[in-house]
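Sharing a structure with you now.
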Amino acid sequence: MRVLVIGAGVTGLTVGVRLVEAGYDAHILARELPLETTSAVAAAIWYPYLAKPFDRVLAWSETSLREFRTIAAIDDEAGVVLREGVELVRARTDDPWWVAAVPDWKRLDFTPPPYRDGWTFTTPIIEMPVYLTWLQQRFEASGGTITRMALSALPDHADLVVNCSGLGSRLLGADDEMQPVRGQVVRLGQVGLTRWLLAEDGPTYVVPREHDIVVGGTEDHGAWDRRPSRDVADQILARAVALVPELADAPVLGHQVGLRPARPTVRLEPEKLESGHRVIHCYGHGGAGVTISWGCADEVLEMVTAL
């Protein structure tokens, strides 16, 4: 079966890998190549964020967490490492809804003011430029191809189309529920930081990678502007330095903006078009595209196999 996957971000690439390694004749068409996508801007840390419904997202997240742990254990070239870190919140709260997926999750005995609660756990950190390149090479090594192509409609010349076009689904999926959630980050030079940190203000996140540290962020719903704001960058850095003082001496390497592809719920379902063509939609992952990527890809493969 010939399958066209639309979109070369982390979702499209992961779906492509699953399909081509299962023996399908899978190829990717995309307006943006992997390192040009929003996925390339992501911090990225396994953490379910801005994605519903919770039950499906939790299942996809658990699958992905297992896969990332396996990748981290067997392939040093993939850009995936396991790191411990801390999340801080301002009020005492119930356990997070996703806590069942994380076996070493533990509530903190002490949190710095003004925070009144928090927890620690170990989670994968995925260095996206490295990881996306690794995924692309894995996909192409099994016979997949990636072609740059700006589409005005979903293709009708394949046995099956898998729509992983993210925000492009406003057009390709005729889905006006798709909205951007703008996220701005600052890349800093490494200063020996190994632990990640999340705080609900902003939100604020500090994610150390091998050669740099990604600091964020913003959550601007409905904002399409991809230009970094200097004022916003200053606010991000001020929040981060207040929590991690050693960042004050870190050199600024760059500024980036990504538009998270959000909708009220993730859309992962098959559709038969009036033309008779078959489509599987897999988009609307919000801020959890990396976190649920392998779980979603496995479900897409199950749907393809059932056809």
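ASP225 to ALA153: FRET efficiency via 1/(1 + (r/R0)^6), r the Cβ-Cβ distance, R0 25 Å, to the nearest 0.05?
0.40
Translational D (Stokes-Einstein, µm²/s) of segment 197-307 at 37 °C and 0.692 mPa s when Rh comes from the Kirkwood sum over C-alpha pairs?
194
Compute the distribution of all C-alpha to C-alpha distances in segment 75-219, in bins of 5 Å from 0, and list the percent of pairs in each, rounded to whole numbers.
The calculated distribution, bin by bin, is 2, 7, 12, 14, 15, 15, 13, 10, 6, 3, 1, 0.
Over the Cα atoms of segment 18-89, how large are the radius of gyration and the largest Cα-Cα distance (Dmax), in Å?
Final numbers for Rg and Dmax: 15.1, 47 Å.
From the Cα trace of segment 75-135, what convex hull volume per residue do you get, rounded to a whole Å³?
Dividing the Cα hull volume of segment 75-135 by its residue count gives 114 Å³.
Between ALA59 and ALA22, 0.36 nm times their residue separation minus their Cα-Cα distance comes to what?
11.2 nm
Charges on Cβ only, +1 for Lys and Arg, -1 for Asp and Glu, centred on the Cα centroid of segment 191-238; of GLN235, GLY216, LEU193, which one is farthest towards the dipole's positive end?
Positive-most Cα among the choices belongs to LEU193.
Please tell me the relative contact order of the chain in percent, rounded to the nearest whole number, where contacts are Cα pairs under 8 Å and at least six residues apart.
Relative contact order comes out at 27 percent.
Here's a follow-up. Using all alpha carbons of segment 187-242, what is the percent of pairwise distances in each 10 Å bin, ordered from the shortest bin to the longest?
Going out from 0 Å in 10 Å bins, segment 187-242 shows 23, 52, 23, 2 percent.
Sorted by average packing, counted as other Cβ atoms within 10 angstrom per residue and highest first, what order do 252-263, 215-226, 289-300 take?
My ranking of the peptides, most packed first, is 289-300, 252-263, 215-226.
What's the magnitude of the charge dipole for segment 166-307 around its Cα centre, counting Lys and Arg as +1 and Asp and Glu as -1 at the beta-carbon? Answer in Debye, nearest 20.
About 260 debye.
What ratio of Cα Rg to 2.2 N^0.38 Å holds for segment 135-222?
Cα Rg divided by the expected 2.2 N^0.38 Å: 1.54.
Compare the peptides 158-167, 2-11 by average per-residue count of other Cβ atoms within 10 angstrom and give them in order, highest first.
So the peptides 158-167, 2-11, ranked by packing, come out 2-11, 158-167.
Take the Cα atoms of segment 119-179, find their three principal axes, and give me the spread along each one in whole Å, biggest first.
Here the Cα extents, ordered largest to smallest, are 45, 34, 19 Å.
In bins 5 Å wide, starting from 0, what share of all Cα pairs of segment 214-255 does each bin hold, as a percent?
Here the calculated profile for segment 214-255 is 5, 20, 31, 23, 11, 7, 2.
Diagonalise the Cα gyration tensor of the chain and give the resulting equivalent ellipsoid semi-axes, square root of 5 times each eigenvalue, largest first, whole Å.
For the chain, the semi-axes come out at 33, 20, 19 Å.
Placing unit charges on C-beta atoms (Lys and Arg positive, Asp and Glu negative, everything else neutral), compute the dipole magnitude of segment 100-224 about its Cα centre in debye, rounded to 20.
360
Kirkwood hydrodynamic radius, computed over distinct alpha-carbon pairs, for segment 1-157: how many Å, to one decimal?
This gives a value of 17.5 Å.
Going by amide H atoms built from the backbone, whose H comes under 5 Å of the H on VAL162, apart from near neighbours?
LEU4, VAL5, ILE6, ILE280
Any read-out appearing in this document is the output of simple, stated calculations on the displayed coordinates, not a laboratory observation. Everything quoted here is computed from the prediction, not taken from an experiment. Please note: Cβ atoms are built from the backbone with ideal geometry, for glycine as well, and neighbour counts cover all protein chains shown.
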